[in-house]
1. Give the percent of DSSP beta bridges with both residues in the stretch 97-255 that are antiparallel, rounded to the nearest 5.
2. Taking every eigenvalue of the Cα gyration tensor of the stretch 17-147, multiplying by 5 and rooting it, what semi-axes result, largest first, whole Å?
3. For n ≥ 4 DSSP H runs only, could you compute -39500 (n - 2.57) per run for the chain, divide by its residues and tell me the 222 nm figure to the nearest 500?
4. Under the definition of Cα pairs under 8 Å and six or more residues apart, what whole-number percent is the relative contact order of the chain?
5. Enumerate the amide H contacts of Gly575 below 5 Å, restricted to partners 5 or more residues apart or on another chain; note that Pro and chain-start residues carry no placed amide H.
6. What whole number of Å gives the distance from the Cα centroid of the stretch 349-363 to the Cα centroid of the stretch 234-288?
7. So what is the diffusion coefficient of the stretch 97-255 in µm² per second by Stokes-Einstein at 25 °C and 0.890 mPa s, using a Kirkwood Rh over Cα pairs?
8. In terms of Cα to Cα distance under 16 Å, which lysines are near enough to Lys20, apart from those fewer than 8 places away along the same chain?
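Quick note: the coordinates plus some simple rules give every number you see, no bench work behind them. Bear in mind that the values here come from a model prediction, so they are computed numbers and not experimental data. FYI the Cβ positions are ideal-geometry reconstructions off the backbone, even for glycines, and counts take in every protein chain you see.
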Amino acid sequence: MKADAIKSILATDCGSTTTKAILIEKQGGEYRLVVRGEAPTTVEAPFEDVTRGVLNAAKEVEELRGRQILDGDKIITPQQGDKGVDIYISTSSAGGGLQMVVTGIVKAMSAESAERAALGAGAIVMDVLASNDGRLPHEKIQRIRHLRPDMILLSGGTDSGNIKGVVEMSELLKAANPKPRLGINYKLPVIYAGNQKANKEIEDNLSEETDLSIVPNLRPVLERENLGPARDKIHDLFMEHVMAQAPGYKELMAMCDAPIMPTPGAVGEIMQVIAKKENITVLGVDIGGATTDVFSVFKDPELGEPVFNRTVSANLGMSYSISNVLASAGLPNILRWVPFEIEEVDLRNRIGNKMIRPTTIPQSLDELKIEQAIAREALRLSFIQHREFAVGLKGVQKERTISDAFDQSSSGETLVNMMDLDILVGSGGVLSHAPRRHQSARMMIDAFLPEGVTQIAVDSIFMMPQLGVLASVHEKAATEVFNKDCLLRLGTCIAPVGSVKPGKEYMRLRCTLPDGKSIDKTYTLGDLELFEAPYEAIRAEIIPARGVDVGGGPGQSIKTEIYGGLVGIIVDARGRRPFVLPENAAERVAALQKWSKAVKEFEDR
């Protein structure tokens, strides 16, 4: 069916616990979300058939929309009059998602490129093996046998380089003779994306023991990555091997009008589509119960092209992994965000209770504040991991001039430049379902510390996975629904960066709000203020103090457009990044309460 002829789309996301369905329809020339339904995922006993959960979620959509979509156990496609939908598509992370091991020769180069390829395709990377990772051969063999991944990505060497290292790694895989996590009657998929001169030796070593696929080198030369072919092959094998082994997935694949995508891979897809279409830089986060995913699209200053990165913090989450947040962040770091006096033992016990009862939700305002304090640290730590991973290519030789002698930068620097960030998008229960949108905005600002002028938004009902797979079929529909129904625009954060003496002027803001109110205000270090304004363009002049940067350079004023939203415009003049909270408990609590009141975090309208 041609894209222009599609009038209705049913899309599902089969999660580990819940299957979520959305119905999108064309209304007056534009695509809009109509209704949403959900049902428990049925991949495990007693049902052991993922299609049951899909049909149950579709049945709820059918009832809410008030028209027939199902005919018994079948989704009616294409739409016939007022019955059925034109296309049905799906994503999935049921059964633990896609779990991979990646290998390379040099850990900081080919192995890191392989990890980027796997993460970008939506995988959880269980381990990264490299020739120089310090482990003995028998330790690597034992590790591969123990992990039992869904597939392995083997990489290493440029196309003009030596083949010895990558051949030795293939021999280790052969000796390990790894077994797949799912299914006992098929060979483990292995993708080779390394030095193409070694193709024959790789085939000789691995073609009998594994299901070997050879794709173009993901690092053909030191100066360039070519991750696309490896990512595409990961998607194909995910469908053919991993999903095919899960109960009911063959039937689900037959029902779908496009290949099923791993949920995180689909979220990355819509992020890249939006960044490219609107020519913006994007940072997104999905904080769940067990893991936190961070996605970004920033321009590589060397290549001048947008680069997509995704990281998975598999031990940082808000329920099953909440004790790992405590262990990683340390109690003082969590305690610093709690806006009232609390004993350390009490805080530890509350975190322990959440871990052993992961499905509970806060029952009091104090519990909510503690949960949001923990969320700040989970988000902060996940973002630190992302910044360390989202880097320019290592091992690249640069031409140097005399002027470069004074430039200390080198390849391998992070691509994440918060001053260049256009929009920060949050999703996951603690952000999407916070009682007040002001709380979501404050959590993201405190955790990510945006710089300059940055828009803040949340995914209303976490439909980004469905929109990601839709983008591969109908980009116009996906982007329209993303902008009009998926994103809740919270507003804009204005955050100067620099230091001034206490009590001195830090920044000045001049603008006229949509209601006609004129703003001409000076801020000192430590201020935080909210102006309520709807989502529309507002011309503003921002004048930083000498040595303070708000996007135009130290001390340089800028004239720009800022946007309000469900929360409004937040001026964050709390200073250097990361800012330091007072060590004295009473002063810290007073500062937190002052900031909370300033952004109306817990107030009724």
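1. Numbers: 1 of 19 bridges.
Beta bridges within the stretch 97-255, antiparallel portion: roughly 5 percent.
2. Numbers: eigenvalues 383, 68, 19 Å².
Result for the stretch 17-147: semi-axes of 44, 18, 10 Å.
3. Working: 17 runs with 188 residues, N = 605.
Per the formula, -9500 deg cm²/dmol.
4. Details: 1328 pairs, mean separation 64.2, N = 605.
Taking the mean separation of contacting Cα pairs over the length of the chain, I get 11 percent.
5. Residues meeting the criterion, in which the H sits 1.01 Å from N, are Gly526.
6. If you average the Cα positions of each part, the centres end up 31 Å apart.
7. On the way: Rh = 15.4 Å.
For the chosen part, D equals 159 µm²/s.
8. The qualifying lysines are Lys59.
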